Structures are given as C-alpha cells and as structure tokens.
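Novice: Sending over a structure as structure tokens; questions will come in a sec.
The values are calculated or read from the model by the stated rules, or taken from the named source; none is laboratory data. Every value quoted in this text rests on a predicted model; they were computed, and no experiment measured them. All Cβ positions, even for glycine, are placed from backbone atoms using ideal geometry, and neighbour counts span all protein chains on display.
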Amino acid sequence: MDLKRMVYRPWSWLLGGLVVVMVALGILEYEKRPVDVNNKNKVLVEIPPGMSFYEVPDLLYEKGILRLKSAFYWAALQKNAFRSLQAGEYELSPSMSVNEVLEVLVKGLVKRYELVVPEGFNLFDIAMRLNRLGLCSATEFLQLAHSLEFLKRMGVESHSLEGYLFPDTYWFVKKTPVERIAETMIRRFWQVWNENGYGQRAKAINMGVNEVLTLASIIEKETAILEERPLVSAVFWNRLKRGMPLQADPTVIYGLLSQGSPTKDTITTEDLRAQTPYNTYVLKGLPRGPICNPGVKSIEAALFPADVPYLYFVAQANGSHHFSVALKEHNAAVSRYRRGASVQDDNGRLP
C-alpha cells in the first residue's frame, strides 16, 4: 500500500477544489460587468413591497440589467445586502455594473417625478398633471381638494384647496399618498405666507387669507405683466370701495369650469349672465373663493395696490393693458382695441 499517495491525495483534492472555486469567483467577478457599457437607456424596474431577495435578480435579468443572476447573489453576499434591498420604482440601465445596481437598490434611490405647478394653474390643471405623471388620478385629487376634513386639518378656511397650492416645482415618488402630495404644496404656501409677513399686512387692511388669495388669483389671471399687477389690483380695490362689480372675465370662465364646462378662451354674452358663485358680472364683491393658485407677485399686488384712481382697464394688442378713470375713455380704448389698433398713437398720446 502506498501511504504517501494516501496522505497527499486529500491535499490534491482540496487544491483542485480551491482552483474550481477561484475560477468560479473569477467568473462571477467578471460577470459583474455591465451588460452593455454603451447602452445608457433607462429601464423602469419596479420592486414591489414583499418581493423576496431571490426574486429580484430574476426580475433584473428579465429587464436586461444583469449578465448573470449569480453575480448579483455574489455581490449581495460580499456586501451583506440580502435584507437591505428597498421596494420602489427604479431607473436602471444596461450600462450599470452589478455593484452599481445593488447600491441603488440598497440606498433606495427610487425614481422621482417632477411636478411643475406654474403660477395661475387651477385645481383642474394640477389634477390633470398629476394624472399624466401617474402619481394619482385626477378624480382622487379633486375629491381630496374639496374634503372639508382635510381642509380643516391644513388650516384652510375655504371650500376647496384652490389658491393654497403654491406654484413651485415639487418632486414625488410613485405611490406617494395623495394627501402628502397636497400637504406638501399647502405647507409651501404657508411657509411663503408666514416668511413674508403677509398675514400682518392682510390684518392691517382688514382682509382674511381667503380674500387676499381670491383677489390675487384674479389679478394673476388678468395680466402676465408684473409691473401691471399693482395697477390691476388698484382697479379692483377702487371698484370694491364703490360697490361696483369687478366684471373680471376670468371669474366667469372659472365659474363655468367649476360646473363642468370645458375651459373657454372666449366668453359670450350668455356666459356673462351665468349664475355661478364666481361670476363677478352678476355678483358684487369678491367671488366665492380663488380661481387659481397665484404666485408671490400677485399676492403682493393684492396686498399692496398702486395708489391710482383707475376703475377700468382693457387689453391691448401687445398684451399690455390700457387703464382708465372715466368710462368714456375706457369705451374709446375698447373700441380701438376691437378694431385691432393700439390704444395709444405713435407718439404715445391717448386718442
């Protein structure tokens, strides 16, 4: 019997096994490379809550993110990440290595959706944008926007969230509760309101928050020219003091919209007679509430109107407005505007 062969055979087996393991590990390290380093196209991958760790590499492989599923297991073993993957919606690409993919999933770097709320957007505009982004349905958002319980919780003394959804850019992840989406915009409004001391000014001029936002929202819709907003505000303030109806076309349009009519670019004589709580041709004073979500400049214009006696204004062909004190002058300006002429002559003198 060859005792020497018996003694050294187990060592040869062990050495051979070690070689096999090292080769396997080398292959796994090699397979951690990106599927295609030049393919940076984003692939949307959603890992639902409750998905087991072992299902994740299957999903990633099917989506073309992994070269080899076992390479993902090996990377997770090295980083002790078997229990660290977070559920969510991710943007991954075939140009990412296994380690890069694993890092994204462990850190929970989920896809965020950009919600841009421009100044002058109303509830319906925001609801449709949220719906298009897939963050919530328009119906779900509008229902919440009229929830008296939610309004009370957010300190909104109105019948809806109109006016309190501050225009800004927001970022949300998929499946963010609709309450949190609305709350984020409302909290931003209160932050701006309080930081700028608007509450003190409103109190000084004997106006509530909702009244300020209502007037500001009308100003927002009447002119896009920042310098004109205090003048437009002055017109409305002067009319309110005299008990004159505001006769603001945007309130007519919003009143019809609130009753289910589609948005209109022009209004008819019949529209001006529509019985809605927003129609300032029919009602005197401010309408029921805001007609959009105004920005800072419109809020400030409502709080600080220009010291001018104007009672009328009409849009000119270039988008600016002509302001008048007397009705006769205003009617002349309207006549010229409807003929397609500028309200002012070439020398800048009134006709």
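Yes/no per residue for (1) at pLDDT 55 or above; (2) at positive phi; (3) of a type in the set (Val, Ile, Thr):
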site	(1), (2), (3)
Leu15	no, no, no
Val19	no, no, yes
Leu25	no, no, no
Val37	yes, no, yes
Leu68	yes, no, no
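Novice: Considering only residues of the range 101-147 that are charged (D, E, K, R) and farther than 30 Å from Ser70 by Cα, which is farthest from the chain's Cα centre (by Cα)?
Specialist: By that ranking, first place goes to Glu140.
Novice: Among the residues of the range 116-134, is there at least one that is closer than 18 Å to Phe189 by Cα and loosely packed, with under 14 Cβ neighbours inside 10 Å?
Specialist: Scanning the range 116-134 turns up at least one residue that is closer than 18 Å to Phe189 by Cα and loosely packed, with under 14 Cβ neighbours inside 10 Å.
Novice: Condition first: surrounded by 21 or more Cβ atoms within 10 Å (Cβ to Cβ), within 18 Å of Ile253 (Cβ to Cβ) and of a type in the set (A, V, I, L, M, F, W, C). Now tell me which residues in the range 287-331 satisfy that.
Specialist: If the condition is that a residue be surrounded by 21 or more Cβ atoms within 10 Å (Cβ to Cβ), within 18 Å of Ile253 (Cβ to Cβ) and of a type in the set (A, V, I, L, M, F, W, C), then Ile291, Cys292, Phe313 are the ones that fit.
Novice: Continuing with the same structure: Suppose the filter is in a helix (DSSP H, G or I), surrounded by fewer than 19 Cβ atoms within 10 Å (Cβ to Cβ), out of contact with any strand residue (DSSP E or B) (no Cβ under 9 Å at 6 or more places or on another chain) and modelled with pLDDT of 95 or more; does Asn210 pass it?
Specialist: So Asn210 does not fit the description; no.
Novice: Which residue is farthest from the chain's Cα centre (by Cα), if the candidates are limited to the range 64-78 and must be in a loop (DSSP other than H, G, I, E, B) and surrounded by 17 or more Cβ atoms within 10 Å (Cβ to Cβ)?
Specialist: Leu68
Novice: Tally time: how many residues in the range 136-167 are under 30 Å from Ile47 (Cα atoms) and either assigned to a loop (DSSP other than H, G, I, E, B) or touching an Asp or Glu at 6+ places or on another chain (Cβ under 9 Å) (or both)?
Specialist: Taking the range 136-167 first, the residues under 30 Å from Ile47 (Cα atoms) are 136-144.
Narrowing further to those that are either assigned to a loop (DSSP other than H, G, I, E, B) or touching an Asp or Glu at 6+ places or on another chain (Cβ under 9 Å) (or both): 136-137, 144.
Residues that pass the stated criteria total 3.
Novice: Would it be correct to say that Leu226 is closer than 25 Å to Arg188 by Cβ, at pLDDT below 95 and either surrounded by 15 or more Cβ atoms within 10 Å (Cβ to Cβ) or hydrophobic (A, V, I, L, M, F, W, C) (or both)? Write out each step before concluding.
Specialist: Numbers: closer than 25 Å to Arg188 by Cβ: yes; at pLDDT below 95: no; either surrounded by 15 or more Cβ atoms within 10 Å (Cβ to Cβ) or hydrophobic (A, V, I, L, M, F, W, C) (or both): yes.
When the stated conditions are applied, Leu226 does not pass them.
Novice: Next question, about the same structure. Going by the structure shown, is Lys175 at pLDDT below 95 and in contact with a strand residue (DSSP E or B) (Cβ under 9 Å, 6 or more places away or on another chain)?
Specialist: Yes; evaluated as a whole, the condition is true for this residue.
Novice: Filter the range 194-221 down to residues that are without any contact (Cβ under 8 Å) to a residue 40 or more places away in the chain and either β-branched (Val, Ile, Thr) or within 26 Å of Phe141 (Cβ to Cβ) (or both), then give me how many there are.
Specialist: Counting residues in the range 194-221 that are without any contact (Cβ under 8 Å) to a residue 40 or more places away in the chain and either β-branched (Val, Ile, Thr) or within 26 Å of Phe141 (Cβ to Cβ) (or both) gives 1.
Novice: Hey, another quick one. Among (1) assigned to a loop (DSSP other than H, G, I, E, B); (2) of a type outside the set (A, V, I, L, M); (3) at pLDDT below 95, which single condition is Asp271 missing?
Specialist: (1)
Novice: Also: With part of a loop (DSSP other than H, G, I, E, B), more than 27 Å from Ala145 (Cα to Cα) and not assigned by TED's automatic domain parsing to the domain that holds Asp125 as the only criterion, which of Pro287, Pro262, Pro245 stands out?
Specialist: Within the list Pro287, Pro262, Pro245, the selection yields Pro245.
Novice: Please enumerate the residues belonging to the range 147-162 that are surrounded by 15 or more Cβ atoms within 10 Å (Cβ to Cβ) and without any contact (Cβ under 8 Å) to a residue 60 or more places away in the chain.
Specialist: Of all residues in the range 147-162, those surrounded by 15 or more Cβ atoms within 10 Å (Cβ to Cβ) come to 147, 150-151, 154, 156, 158, 160-162.
Residues satisfying the conditions are Ser147, Phe150, Leu151, Met154, Val156, Leu161.
Novice: Within the range 117-135, can you find the residues that are part of a helix (DSSP H, G or I) and either in contact with an Asp or Glu (Cβ under 7 Å, 6 or more places away or on another chain) or modelled with pLDDT under 95 (or both)?
Specialist: Leu123
Novice: Any idea which of (1) of a type in the set (Ser, Thr, Tyr); (2) more than 32 Å from the chain's Cα centre (by Cα); (3) at pLDDT 95 or above is the one Tyr90 doesn't satisfy?
Specialist: Just one mismatch for Tyr90, condition (2).
Novice: Picking from Tyr30, Tyr54, Tyr8, which residue would you name as being hydroxyl-bearing (Ser, Thr, Tyr) and either modelled with pLDDT of 55 or more or not in a helix (DSSP H, G or I) (or both)?
Specialist: Tyr54
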